1. Could you check the stretch 67-97 and list, in sequence order, the residues that are touching a residue at least 24 places away in the same chain (Cβ under 8 Å) and hydrophobic (A, V, I, L, M, F, W, C)?
2. What number of residues within the stretch 57-83 satisfy the criterion of being open to solvent by less than 80 Å² (accessible area, probe 1.4 Å) and not hydroxyl-bearing (Ser, Thr, Tyr)?
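The values are calculated or read from the model by the stated rules, or taken from the named source; none is laboratory data. These numbers come from a predicted model, not from an experiment. Note: ideal-geometry Cβ built from the backbone for every residue, glycine included; neighbour counts use all protein chains shown. Note: areas computed on protein heavy atoms with side chains; ligands, DNA, RNA excluded. Shrake-Rupley method; radii C 1.70, N 1.55, O 1.52, S 1.80 Å.
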Amino acid sequence: MPIEKCPKCEDQVLDSKYSCPGCGYVKRDEPEQQKHPKHEITTKNTSKHLQIQGVIALFLLIAGLLWFYLTADAYEARDQLNVVALLMFVVGFFWYAVVRFRIWHQHDDRDPRD
């Protein structure tokens with residue numbers, strides 16, 4: 001551990017990352033944006049149409065899964081497969097994956113200084 005000087009009392013401390021044992025000065029952490037120059041992916045900096053597509057895809061995925069699960073006994077009794085519900089689930093899953101990739105790609109292309 002490097003020995004550093006306390007910014008307030010100039011006393012030498014082992015790690016000024018947390019606090020000075022002499023004067024009790026607490027060093028504030030840098031904001032997350034300054035620690036990591038790359039920005040985070042949040043809903044604030046994601047376009048509305050991608051947010052809406054993600055919600056619709058997730059809804060389609062969950063609705064297809066629930067429909068498939070809740071009607072499984074009835075379709076099994078008739079020796080059939082609920083193709084519509086399975087298709088809803090698969091399309092919703094792939095659509096959601098594509099939307100998440102597009103969101104990641106949109107943020108990856110941006111300049112971190114924006």
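1. Met88, Phe89, Val90, Val91, Phe93, Trp95
2. Of the residues in that region, 10 qualify.
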